[in-house]
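First comes the structure, then the notes that go with it.
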Amino acid sequence: MSIPEEIDFEVDAEDLSEFKPNGRELGAPSLVVDDLYVTYRIFGGKRVAAGQGRPGVLKRVLNRSTVHMGGLTSVEAVRGISFIARHGESIGIVGVNGSGKSTLLRAIAGLIPPTEGSVYVSGEPSLLGVNAVLMGSLTGERNVMIGGLALGLSPEEVRAKFDDIVEFSGIGDSIYLPMNAYSSGMSARLRFAISAAAVPDVLMIDEALATGDAAFRRKSKDRIDAIRDEAGTVFLVSHSLATVESICARTLWIHQGKLVMDGPSTEVCAAYKAFVKKQDG
Ligand SMILES: Nc1ncnc2c1ncn2[C@@H]1O[C@H](COP(=O)(O)OP(=O)(O)OP(=O)(O)O)[C@@H](O)[C@H]1O
């Protein structure tokens, strides 16, 4: 998919060029998310406690992100999100559990169709694309090849990068075991290592960094910086605000499927932290 020239981004061009994280010039838009809605439909209605009967109108209005349709329940996971990402940008995505972060990434990767709205991507988004093709019953070694091919590398290129990928992941001889035998941290590290082996246009990382030790995080950060320097766009979903702040200049805060704040990471993370603290207290 490419960005058609006739799209009206509805953003003042001057506003776009003003945002220069770390003083770096950003490139052209790599991704445009335009009023995106994603709704999951699940079979089976929600159980209503005995004696309660049908939920009242007020209750249904207050709980409007879950709508019951007889035997079908629909969950509006992403509700009207719009933003533009540019080449060379790294963007954090924060939000409480179930706020829609992973759904947003899956929609950007083209793994789930928007219910409404559009996603325009320049080039191929990566990582979730890799996740989708990896097979747990096959060895890490086979998955490196499958993932590499999915990223558009040739078999020779994958073979040439194989040792680097294994070394980066730090999983050693376990690369010859089926991925089903890996801990979640091991498979997250291998997925990251495969995804970062090519220089993708848009790299999306969903919590993989949280599973590594300090050395892995440092290597990952270096790799992300290299991808960004080569004008890729990096998205990082993480519950660790320190990780988001150290890697991303810009952060999106998502709550109940909506974008509540988009700006410099320090400001957005501070606001999000204050919100979480208030909720907990
Ligand atoms: N495959 C699915 N089918 C139905 N509902 C889903 C599915 N995946 C997610 N949801 C629902 O969509 C909403 C958003 O989920 P999502 O996983 O995108 O949130 P998240 O912010 O990534 O959460 P977390 O931080 O816990 O990973 C939640 O209410 C979740 O229950």
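The values are calculated or read from the model by the stated rules, or taken from the named source; none is laboratory data. Predicted model, so just to flag it, every value in this text is computed and none were measured. Here the Cβ positions follow ideal geometry from the backbone for every residue, glycine too, while neighbour counts run over all protein chains shown. We work out accessible area using only protein heavy atoms, side chains counted, and drop any ligands, DNA or RNA first. Shrake-Rupley method; radii C 1.70, N 1.55, O 1.52, S 1.80 Å.
When residues in segment 233-281 are screened for being among the acidic types (Asp, Glu) and buried (at least 16 other Cβ atoms within 10 Å of the Cβ), 2 of them pass.
Residues in segment 244-263 that are touching a residue at least 60 places away in the same chain (Cβ under 8 Å) and either farther than 22 Å from Leu36 by Cα or polar (S, T, N, Q) (or both): Val244, Glu245, Ile247, Cys248, Ala249, Thr251, Gln256. Taking Arg217, is it in a helix (DSSP H, G or I) and surrounded by fewer than 23 Cβ atoms within 10 Å (Cβ to Cβ)? So Arg217 passes the test. The numbered conditions (1) open to solvent by 60 Å² or more (accessible area, probe 1.4 Å); (2) free of Cβ contacts under 8 Å to residues at least 40 places away in the same chain are all true for Arg189 except (1). When Gly51, Gly110, Gly123 are checked against the criterion of being farther than 24 Å from Pro264 by Cβ, at pLDDT below 75 and buried (at least 16 other Cβ atoms within 10 Å of the Cβ), a single residue qualifies: Gly123. Please find, within segment 85-99, the residue that is farthest from the ligand (Cβ to nearest atom) out of those that are within 23 Å of Val276 (Cα to Cα) and open to solvent by 10 Å² or more (accessible area, probe 1.4 Å). Of everything passing the filter in segment 85-99, Val96 is farthest from the ligand (Cβ to nearest atom).
Do we find that Arg223 is farther than 30 Å from Ile81 by Cβ and in the same structural domain as Val121 (by TED's automatic domain parsing) in this structure? No.
Considering only residues in segment 27-43 that are modelled with pLDDT of 90 or more and either of a type in the set (Lys, Arg) or open to solvent by less than 30 Å² (accessible area, probe 1.4 Å) (or both), the one that is farthest from the ligand (Cβ to nearest atom) turns out to be Val32. Taking the criterion of being farther than 20 Å from Ala77 by Cα and more than 15 Å from the ligand (Cβ to nearest atom), the residues of segment 241-267 that qualify are Ala242, Glu245, Ser246, Ile247, Cys248, Ala249, Arg250, Gly263, Pro264, Ser265, Thr266, Glu267. Within segment 220-240, the residues that satisfy the criterion of being assigned to a loop (DSSP other than H, G, I, E, B) and either closer than 19 Å to Ser122 by Cβ or more than 16 Å from the ligand (Cβ to nearest atom) (or both) are Glu230, Ala231, Gly232.
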